[in-house]
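Worksheet: the structure to be examined is printed underneath.
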Amino acid sequence: MVRAPEISPHSPRRRHLLAGVFAAGAFPSALRAQFRVEISGVGGTQLPVGITKFREEDKSGQALSGIVRADLERSGIFRIVDSSGDFDENARPNYGDWRGRGADALVAGSAARLADGRFDVRYKLWDVVKGQDLGGQALAVVSADLRLAAHRIADAVYEKLTGDKGVFSTRIAYVTRVANRYTLRITDADGEGGQAALNSTQPIISPAWSPDGKSIAYVSFESGKAVVWAQDVGSGERRAIANFRGSNSAPAWSPDGKTLAVTLSRDGTSQIYLMDPNGGNLRRITQSTAIDTEPTFTPDGKSIYFVSDRGGSPQIYRVGAGGGNPERVTFTGGYNISPALSPDGRTLAYVNRNGSEFKVTTLDLAGGTIRTLSDTVDDESPSFAPNGKLIIYATRAQGRDVLMTTTLDGRIRARLAPAGVDYREPIWGPFGR
Amino acid sequence: MTHPLRLTLFAALIGVGLAGCGSSVKLDEGAPVVDAKPNAAGANANANRGANTGQSSVTTVDASKIDAAAAGVGRVVYFDFDSYVLKDEFRPVIEGNARMLSSAKTKKMVVEGHTDERGGREYNLALGQRRAEAVVKSLVLLGAADNQLEAVSFGKERPVTDGHDESAWAKNRRAELKDR
């Protein structure tokens, strides 16, 4: 069994690591948008792993081993050791050599072109400490799915070594802004391989994945005001599902995908309503004269968390999914917004304003412990990964809007911030791609 | 020259108008209350009141040509931080637009509410909506018909200026009145 080693604490300084080393020509994709890992604070225990360059990966056009390295590093659980050398899945590793490099585990693989133009991608995982072969896989994929193959390998390695499901083959959605051009992008969880789901000259906000990952709802201002749309991710077919008088916004799917919660101002003040995904069967579930907005369902579908300023300032409340008397949940600080629930329903992530600083914060719902996760001051829109181990959010750094992922202890963060583009409104997609 | 009775009436109307949207809460306890001072950015000259006309003359109103800019009526009102209270200095803007709307019942307008950049997007969308609703309520109280107006919000998505200081934020906290 691979043990996480005990590492003496590092001095609390920040190290920036490039998530893998590549020749510039290895990337065919035009938008080289990689998350850059920052490790801050005292280093936790991390599992050291070697991931050698896959045989013939250069010929495949994708830096497969680099993608796997970057994925595992961004999870915060792994540390990459010196991985130089020529190996593949058929190698017989020199365990002594790898122990000497400090590795507890080793991954090696290959990518061979098949006669039909697809690629045969193979890998194997070894426990270096015990000197054991932990097995591997072969995946046959078309060229367009090579990145996904690397992500699936990272997931398999992550799962084998931690026991938890990996999120590297999931997708995220976010909005970019360049001058007056807004794009809703859907990409791999590492920010790469993106496709534009919607291009617009007007703002797009609040994207929300359906639980099956097949649809995405969002708010578009293309008609001159806020309207909620639902779009099929694969086909791009879309329809406006909430276009009432005033503003229509903040879509949130129920876990069974059968209901959407939205914020509508049609009755004169922003209130929360439920509707079917086609826009029918509208019913109002909050009854205040205040602002009630940002609904989000609990994973069991029975309750909705939301933001209300009925008490004088925006705080987070919880109400039964059928309506009823809401119960206040946040009591620390005078401004708490943007609730997001962990997949196990036990942790609430949100944005707290303290003075002029907006920071992603978590609240343990059972025990009440509050933890500030970020060291930036303009955070927005936290969203959990479907395994509950990472949170993605938007923030501001060096004058630009950027995306960050963080581990739940706030120690390992990764930043997505290529030049010239503003990133905002990230939302993590579900398992099951 | 300000007629004292008129000022009182307007203040009363604002009070009545806001009763419909709940208590006018101060959302940031630390925010200073800014005194409303005449501000060139918002308060334009009053719209032309009825000029002295003889007993036999008739004033023609051409609905198709009503043009706010030509009539000298302002189209923007500004707000204090975390507030949707309509300040006295923008009374002429509300009055002028209400007059235009009540004299031309087919004319339609949209009121767009905005916030500064600080804070979450959805909450700011709702704050901007509150500002627009406050303006619409005042217009209706002064003679416009409800079906001539729609209140919408852009939250913090459409700033007029990109600065990150109070002078920029003040310019972005606004409601704009636009023809439809």
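Derivation of every value follows stated rules applied to the coordinates shown; laboratory data play no part. Given the structure is predicted, the values throughout are model-derived calculations rather than measurements. Ideal geometry is used to build each Cβ from the backbone, glycine not excepted, and the neighbour counts take in all protein chains shown.
Any residue in region B:162-178 that's more than 14 Å from B:SER83 (Cβ to Cβ): show its pairings with residues that are assigned to a loop (DSSP other than H, G, I, E, B) and among the aliphatic types (A, V, I, L, M) at Cβ separation under 6 Å, as long as the two are six or more apart or on different chains.
As it stands, the answer is B:LYS171/B:VAL160, since those pairs meet every condition given.
Of everything in region A:187-215 that's more than 17 Å from the chain's Cα centre (by Cα) and within 14 Å of chain B (Cβ to nearest Cβ), which residue is surrounded by the most Cβ atoms within 10 Å (Cβ to Cβ)?
Looking at residues that are more than 17 Å from the chain's Cα centre (by Cα) and within 14 Å of chain B (Cβ to nearest Cβ), I get A:ILE204.
Hey, A:ALA144 hits all of (1) surrounded by 20 or more Cβ atoms within 10 Å (Cβ to Cβ); (2) over 18 Å from A:GLY432 (Cβ atoms) but one; which does it fall short on?
All conditions are met except number (1).
Please verify whether A:TYR158 is of a type in the set (Ser, Thr, Tyr) and assigned to a helix (DSSP H, G or I), treating the condition exactly as stated. If you could, list the steps in order and put the result at the bottom.
Values: of a type in the set (Ser, Thr, Tyr): yes; assigned to a helix (DSSP H, G or I): yes.
Considered against the rule, which asks whether it is of a type in the set (Ser, Thr, Tyr) and assigned to a helix (DSSP H, G or I), A:TYR158 comes out as yes.
Filter region A:309-336 down to residues that are within 13 Å of another protein chain (Cβ to nearest Cβ) and under 26 Å from the mean Cα position of the chain (by Cα), then give me how many there are. Before you say what the answer is, go through the steps one by one.
Of region A:309-336, the ones within 13 Å of another protein chain (Cβ to nearest Cβ) are A:309-316, A:333-336.
Now narrow it down to the ones that are under 26 Å from the mean Cα position of the chain (by Cα): A:314-316, A:335-336.
Residues that pass the stated criteria total 5.
For region A:331-433, which fully contained strands (runs of 3 or more DSSP E) count at least 3 residues that are surrounded by 21 or more Cβ atoms within 10 Å (Cβ to Cβ)?
On the way: elements: A:336-341, A:347-354, A:357-364, A:370-372, A:380-384, A:390-397, A:400-407, A:412-416, A:422-428.
Here the list reads A:336-341, A:347-354, A:357-364, A:380-384, A:390-397, A:400-407, A:412-416, A:422-428.
Would you be able to tell me the number of residues in region A:248-272 that are surrounded by fewer than 21 Cβ atoms within 10 Å (Cβ to Cβ) and more than 11 Å from chain B (Cβ to nearest Cβ)? Write out each step before concluding.
First pass over region A:248-272, keeping only residues surrounded by fewer than 21 Cβ atoms within 10 Å (Cβ to Cβ): A:254-259, A:266-268.
Add one more test, that the residue is more than 11 Å from chain B (Cβ to nearest Cβ), and what stays is A:254-259.
Qualifying residue count, region A:248-272: 6.
Please specify each residue of region A:204-223 satisfying the condition of being without any contact (Cβ under 8 Å) to a residue 24 or more places away in the chain and either part of a loop (DSSP other than H, G, I, E, B) or at positive phi (or both).
Our first condition is that a residue be without any contact (Cβ under 8 Å) to a residue 24 or more places away in the chain; within region A:204-223, this holds for A:214, A:220-223.
Result: A:LYS214, A:PHE221, A:GLU222, A:SER223.
Could you grab me the full set of residues in region A:223-238 that are among the aliphatic types (A, V, I, L, M) and buried (at least 21 other Cβ atoms within 10 Å of the Cβ)? Full working, then the answer.
Narrowing region A:223-238 to residues among the aliphatic types (A, V, I, L, M): A:226-228, A:230, A:233.
Of everything in region A:223-238, those that are among the aliphatic types (A, V, I, L, M) and buried (at least 21 other Cβ atoms within 10 Å of the Cβ) turn out to be A:ALA226, A:VAL228, A:ALA230.
Please go through region A:250-276 and give me each residue that is more than 20 Å from A:TRP428 (Cβ to Cβ) and either of a type in the set (Ser, Thr, Tyr) or not in a strand (DSSP E or B) (or both), ordered by number.
Step one: of region A:250-276, the residues more than 20 Å from A:TRP428 (Cβ to Cβ) are A:258-259, A:262-276.
If the condition is that a residue be more than 20 Å from A:TRP428 (Cβ to Cβ) and either of a type in the set (Ser, Thr, Tyr) or not in a strand (DSSP E or B) (or both), then A:LYS258, A:THR259, A:THR263, A:SER265, A:ARG266, A:ASP267, A:GLY268, A:THR269, A:SER270, A:TYR273, A:ASP276 are the ones that fit.
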